[in-house]
Amino acid sequence: MARPKNPLVWILLAVGGACAFCCTGTLGLMALGFFAGDSDTPGTPGAVNRARGGSPGEPGGFAFDAPQGWKAQEDGRFILEWTEQGDTLGVEALRLPALPGLDDAEGRLARLWQERIGADWNGVQPNPLVMRRFMSNGARAFFTAAVVRAKNNDRSFRVSLYLVEAGDRLEPLVFIQSFMTPGGLGEALSASFSWNRSYARVEEALKGVRGSPVGLPLVDDAEVAGHFVYGTSTGAQWVNTYTGATTMTAVSYSIEYTFGANHAFQYKYAGASGQVGAMKFGSEDDQGTWSVKHDVLTLTGANRTRRYLLIGAARSPEGKRTLYLMREGQGWSLAPGAIGQDGELYVAAD
């Protein structure tokens, strides 16, 4: 039976969003397979691809050129501030000492997030979800982000931490987005609506970040191979103000992918939507072949072709492998909030 076409599915998903996983990352538009070239050999499951078959990138491995208008500070930071409707928005960029070696970039980013960001800010959660993207010249970077609070005045900030591959080391780069309103009235709520606007300036700055090597895939084949499951559900309860009667409607579905090492895949979908007690059910199966081209996973099935933007392949807090995917047709935008709404975190089932 085909996937249910009940409009309630799409209405509730648009309003409620997926609840399986919500990420608070401050992220930007991904480079969508712009950089050609392939790795020589795949890496091991759950690890970053160790193949160094890419082309040389930036001489010295790393470069950061701040955009025009950013003010350089004596300690090496760059700051940009501007005013919008009486509010002051700002972005700060700073480099941290390089980390020797390229192994376990995701684990090292998580530790640096806890140790360094956690030391300077309140509200820093352990075990952050680590994601991946390309820098402007096609070098890979690992990153995470969240809204945190200043220890001295409890104001809200959004902090992004990047580890950029740079030759034989990882270069940490931090971006701090700030918001301030006169008098501070309702500042925390207003700040939450400002991150999308100030993140555009972060993305401008990221255009000046270059690493090395270039031309490697964002996620290697060995990280994709496996059995992964994604599930989400949302519901709404309605109350008749005259009679007091209640009605509940819900949407729930799950997707299973089995990606074989031989590049064959199997797909299973099961979903339900509608009024509780009278829900409509649907299912769908497919199979075919899969391939990865840098940051795009393509599934060529017997029924149709699906394409996903690869956002990450980190370990869950429980140590399980994950694939973090975003479907084609959703803009593939990683602006703040987009990941929590559109990203799908698939967790290994075995």
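Structure summary
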| quantity | calculated |
| --- | --- |
| Under 5 Å, built H, 5+ apart or other chain: amide partners of Ala139 | Gly211 |
| Cα-based Kirkwood hydrodynamic radius, segment 207-293, one decimal, Å | 16.8 Å |
| Prolate/oblate/rounded call for segment 47-166, Cα gyration tensor, a/c under 1.5 rounded | oblate |
| Alpha carbon convex hull of segment 138-192, volume per residue in cubic angstrom | 91 Å³ |
| Per residue, the convex hull volume that the Cα atoms of segment 273-350 enclose (Å³) | 166 Å³ |
| Phi-based couplings in Hz for segment 291-303 (Karplus 6.51, -1.76, 1.60; Gly and Pro marked x) | 8, 10, 10, 6, 10, 10, 9, 10, 10, 9, x, 5, 8 |
| Whichever aspartates and glutamates have a C-alpha closer than 20 Å to that of Lys207, once near sequence neighbours (fewer than 8 apart) are set aside | Glu58, Asp65, Glu81, Glu92, Glu165, Glu171, Asp295 |
| Segment 56-180, accessible surface, carbon-and-sulfur percent (1.4 angstrom probe) | 47 percent |
| Cα-based shape type of segment 145-264, given that a ≥ b ≥ c are square roots of the gyration tensor eigenvalues and the cut on a/c is 1.5 | oblate |
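The values are calculated or read from the model by the stated rules, or taken from the named source; none is laboratory data. For clarity, every value in this text was computed on a predicted model and none was experimentally measured. Protein only, heavy atoms only, side chains kept; ligands, DNA and RNA dropped before computing areas. Shrake-Rupley method; radii C 1.70, N 1.55, O 1.52, S 1.80 Å.
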